[in-house]
Ligand SMILES: [Zn+2]
């Protein structure tokens, strides 16, 4: 991948960079040595730019571009029994070896509470699974035609390293999760606290869309952390209410990518 493509990735990813640069708690992809994502015709981009450059769709090899207001869900995962001490590099490797275009999660939090940037937030995730309907679309057309029938559509994903069917997140992990979800809450106003779920509750997404999850979606992920998720939801609502005057115009300001790219590249 040449520099101009690399730069395009980063320009589109510019939204979170202000927060990233003010608070160095998120380790960027280039800092942890992430592999570049592969094109993914089943995926979509979310954008709020009015002057969005459609040629970026080619760069990402995705099928289309949707408004960020389509981001409605936040799912929390654990890395699970087989990967309870995995690194973010190992998780990306495993996912890309399993036919995914990139690591499936948007952020990964390790046992020390370090937060790693995963899949760019503006690229549709791949951590929730499939529905019979989305699978049929891929079989018939070779790609998703109606992405809304995929349970991955409109979902941001955070993964905590560990196996919480048999252990607990560390204090540092929980602290970072609350900080990160606060960040998500302030920047993605279309996600309501009622739509913050553990992976195993993905049936709620399917129900709302009138689709049926395939049996392989059956999961224990993220184990027994209901109390942590309750706390996330509580704080998620509070974070939003800190900014009572925030409206769509404020929201759009957060998507001024020229400003963000100046911060990034200046
Ligand atoms: Zn999961």
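The values are calculated or read from the model by the stated rules, or taken from the named source; none is laboratory data. Just so it is clear, the model here is predicted, and its values are computed rather than measured. We place every Cβ from the backbone using ideal geometry, glycine too, and count neighbours over all the protein chains shown.
Quick notes on this structure:
- Of all the residues in the stretch 68-91, those that are under 24 Å from residue 225 (Cα atoms), assigned to a helix (DSSP H, G or I) and at pLDDT 90 or above number 3.
- Residue list for the stretch 206-227, filter: within 11 Å of the ligand (Cβ to nearest atom) and either in a loop (DSSP other than H, G, I, E, B) or in contact with a strand residue (DSSP E or B) (Cβ under 6 Å, 6 or more places away or on another chain) (or both): 219, 220, 221, 222, 223
- Being buried (at least 16 other Cβ atoms within 10 Å of the Cβ) and in contact with a helix residue (DSSP H, G or I) (Cβ under 7 Å, 6 or more places away or on another chain) is a property that does not hold for residue 125.
- Hits in the stretch 162-177 - residues which are surrounded by fewer than 17 Cβ atoms within 10 Å (Cβ to Cβ) and closer than 19 Å to residue 236 by Cβ: 175
- Only a single criterion out of (1) touching a helix residue (DSSP H, G or I) at 6+ places or on another chain (Cβ under 7 Å); (2) not in a helix (DSSP H, G or I) is not satisfied by residue 177, namely (2).
- One residue stands out among those in the stretch 132-143 that are touching a residue at least 60 places away in the same chain (Cβ under 8 Å) and surrounded by fewer than 24 Cβ atoms within 10 Å (Cβ to Cβ): the one that is farthest from the ligand (Cβ to nearest atom), which is 142.
- Qualifying residue in the stretch 234-242 (condition: within 16 Å of the ligand (Cβ to nearest atom) and assigned to a helix (DSSP H, G or I)): no
- Odd one out for residue 159 among (1) within 15 Å of the ligand (Cβ to nearest atom); (2) part of a helix (DSSP H, G or I); (3) buried (at least 23 other Cβ atoms within 10 Å of the Cβ): (2)
- Evaluation of residue 199 against (1) on the phi < 0 side of the Ramachandran plot; (2) out of contact with any strand residue (DSSP E or B) (no Cβ under 6 Å at 6 or more places or on another chain) (one fails), failing number: (2)
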